[in-house]
């Protein structure tokens, strides 16, 4: 049990650092990207997805080592025999999806519970980061559209019902 407790703490620390560094690097280099604001927001989402993917693989490696190789805990249900099986268990636990194909037994219960809580917190963190990026870059998208629209103004644009969903922000 002590090994699983220590492993849980180490896994939480590793995954927090992975997501922290992913978001930090994304934040530092996002403004430098020579792409429109829409692609910057997409870059944020893809970076967060990559960080979560690494976290899931870290936990899958822990299941492979601790459960399959060292025998600390087990899973009932569909047999878990390969790293790919461990990866599936990790995705299900991290996302709190809980298919029910595999039920943790023994010490693996603690590890999957910690992974679910860790995943919930990290997904919330990346959602907040994505929101902040959208808050920063969404208005820029509107400004670019407003500038294009001003250059190619058409009388039909003044018809009722053709208003923008999100009005462009006022320039400086």
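The values are calculated or read from the model by the stated rules, or taken from the named source; none is laboratory data. Values in this document were obtained by computation on a predicted structure and should not be read as measured data. Every residue, glycine as well, gets a Cβ built from its backbone with ideal geometry; the counts of neighbours run over all protein chains shown.
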Meets criteria (touching a residue at least 24 places away in the same chain (Cβ under 8 Å) and on the phi > 0 side of the Ramachandran plot) for residue 61:
no
Filter the stretch 90-110 down to residues that are within 13 Å of residue 73 (Cβ to Cβ) and in contact with a helix residue (DSSP H, G or I) (Cβ under 6 Å, 6 or more places away or on another chain) and give me whichever is surrounded by the fewest Cβ atoms within 10 Å (Cβ to Cβ).
110
Identify all residues within the stretch 33-42 that are within 15 Å of residue 128 (Cα to Cα) and free of Cβ contacts under 8 Å to residues at least 40 places away in the same chain; write none if there are none.
42
Modelled with pLDDT under 95 and either crowded, with 16+ Cβ neighbours inside 10 Å or in contact with a strand residue (DSSP E or B) (Cβ under 7 Å, 6 or more places away or on another chain) (or both) - does that describe any residue in the stretch 165-172?
yes
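Can you find even one residue in the stretch 80-103 that is outside any loop (DSSP other than H, G, I, E, B) and under 13 Å from the mean Cα position of the chain (by Cα)?
yes
For residue 12, are the conditions met, namely being surrounded by 15 or more Cβ atoms within 10 Å (Cβ to Cβ), in contact with a helix residue (DSSP H, G or I) (Cβ under 7 Å, 6 or more places away or on another chain) and in a helix (DSSP H, G or I)?
Spelling it out, residue 12 is indeed surrounded by 15 or more Cβ atoms within 10 Å (Cβ to Cβ), in contact with a helix residue (DSSP H, G or I) (Cβ under 7 Å, 6 or more places away or on another chain) and in a helix (DSSP H, G or I).
Has the stretch 59-69 got at least one residue that is assigned to a loop (DSSP other than H, G, I, E, B) and surrounded by fewer than 14 Cβ atoms within 10 Å (Cβ to Cβ)?
no
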Would it be correct to say that residue 47 is without any contact (Cβ under 8 Å) to a residue 40 or more places away in the chain and either more than 20 Å from residue 126 (Cα to Cα) or buried (at least 16 other Cβ atoms within 10 Å of the Cβ) (or both)?
yes
